[in-house]
Amino acid sequence: MSGPLVLGIETSCDETGVGIVRGTELLANVIASSMDEHARFGGVVPEIAARAHLEALESTLHAAVEKAGIALADLDAVAVTSGPGLSGALMVGVGAAKALAVALGKPFYAVNHLVGHVGADILHDPGAADRGELELPTIALLVSGGHTSLLLVRSLTDEVELLGETIDDAAGEAFDKVARLLGLPYPGGPQIDRAAADGDPTAIRFPRGLTLPKDLVAHRYDFSFSGLKTAVARHVERLRDAGEPVPVADVAASFREAVADVLTAKAIAACGDLGVPRVLLGGGVVANARVRTLAAERAEAAGVSLRIPPLSLCTDNGAMIAAIAAQRIMAGHGPSDLGIGADSTLPV
Ligand code: KG4
Ligand code: ZN
């Protein structure tokens, strides 16, 4: 396989990621996470994340270069996530990428984080099963601790449209908050997933945000999880006030069902509405067992093909950022202006 040799840096949240690709071939994907440092606060603390990136970036970069077996001088370009994400965290990566590009005399590419998540899917990871080529257009559902977005992707280089997003909490954030109120440690997603395995998903009918007929007019592809989180909190409070035990497995399973139901229903609805028979999942919440099975069931029932990249490429990483820059180079797009800075609210 050939194509431009690109190094990508990702620091939008708590993962310091450096990836190296050659065209669509994955050469290295090294990630250092500051998750443990945030655990006692129950969520990502922006200042801690920024400082952790500063501390981890150099060794992560060297590890990626070593893993890829390349020399920095061989690179064709340096890419970085310029937004959206946490301001201070983004600034560390953007500053480092610009410095590297200038020092090496290589072109600099600023990449949108959400588009990067879609780009993860085109990488050929020799360690993972071959999943064939990504076909476009596709609907993409990106769900993590920082975002919950539904996209229509026509091309990876310039035609990505945001169909909808969360109007309050991200799905992963909801998992983390509900885990906390059930007394489970951070990050809560995997904990809830595990607890839910022994529970009854129909035990409690928790609300599905933005799915009423009136919501479907203005917010057809948007998500809301704060009402669900409050409903779980009230349910648990009522039981505790009455001195009754909290059936953690049932609450976890019923909550997980509500999240998986809304995420997959809206993604599959977008496929139908827009006549796009493909859906791609990305983001850390894709690890969720129920999200995966319900997505597979509903995609099959709707005649939609479902793609889920390997989990190491679903969570935040630098390889996906490098992949998008490589696509832009191959499509003949020029580099980004070195004047571009970190933009925490960068739209797609
Ligand atoms: O993409 P990601 O690794 O990074 C950031 O958002 O920074 O996503 C992390 C999020 C956390 O909120 C975590 O609780 C959630 O993904 N998560 C899960 C599962 N594994 C991770 N949520 C539900 N079920 C899981 N199995
Ligand atoms: Zn992300």
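The values are calculated or read from the model by the stated rules, or taken from the named source; none is laboratory data. Model, not experiment: these values are computed from the prediction. Backbone-built Cβ (ideal geometry, glycine too); neighbour counts: all protein chains shown.
Assorted remarks:
- Pairs, first farther than 17 Å from H113 by Cβ in segment 1-13, second of a type in the set (G, A, S) and more than 16 Å from ligand 2 (Cβ to nearest atom), C-beta under 7 Å, six or more apart: M1/G23; S2/G23; G3/G23; G3/A326; P4/G23; P4/A77; P4/A326
- Segment 218-247, residues that are of a type in the set (A, V, I, L, M), loosely packed, with under 11 Cβ neighbours inside 10 Å and not in a helix (DSSP H, G or I): A242
- Residue within segment 161-171 that is among the small types (G, A, S), within 16 Å of ligand 2 (Cβ to nearest atom) and assigned to a loop (DSSP other than H, G, I, E, B) present: yes
- Listed by first and then second residue, the pairs with beta-carbon distance under 9 Å, at least 6 apart or on different chains, first residue in segment 305-317 and in contact (Cβ under 8 Å) with a residue 12 or more places away in the chain, second more than 11 Å from ligand 1 (Cβ to nearest atom) and basic (K, R), are S305/R278; L306/R278; L306/R298; R307/R131; R307/R278; I308/R131; P309/R131; P310/R131.
- Selection of segment 252-292 for residues being surrounded by fewer than 21 Cβ atoms within 10 Å (Cβ to Cβ), in a helix (DSSP H, G or I) and away from ligand 1 (no atom under 12 Å from the Cβ) yields D261, A265, A269, G272, D273, L274.
- Residue count, segment 106-129 (criterion: assigned to a loop (DSSP other than H, G, I, E, B) and either aliphatic (A, V, I, L, M) or surrounded by 19 or more Cβ atoms within 10 Å (Cβ to Cβ) (or both)): 5
- The numbered conditions (1) away from ligand 1 (no atom under 13 Å from the Cβ); (2) buried (at least 21 other Cβ atoms within 10 Å of the Cβ); (3) at negative phi; (4) part of a loop (DSSP other than H, G, I, E, B) are all true for D198 except (2).
- Segment 78-105: number of residues that are of a type in the set (A, V, I, L, M, F, W, C), away from ligand 2 (no atom under 15 Å from the Cβ) and part of a helix (DSSP H, G or I): 11
- Test: residue in segment 50-71 that is part of a helix (DSSP H, G or I), in contact with a Phe, Trp or Tyr (Cβ under 9 Å, 6 or more places away or on another chain) and surrounded by fewer than 17 Cβ atoms within 10 Å (Cβ to Cβ): no
- Filtered residues of segment 1-18 (kept if closer than 9 Å to A323 by Cα and either in a loop (DSSP other than H, G, I, E, B) or within 16 Å of ligand 2 (Cβ to nearest atom) (or both)): G8
- Residues of segment 173-222 satisfying the condition of being at pLDDT below 95 and within 16 Å of ligand 2 (Cβ to nearest atom): P187
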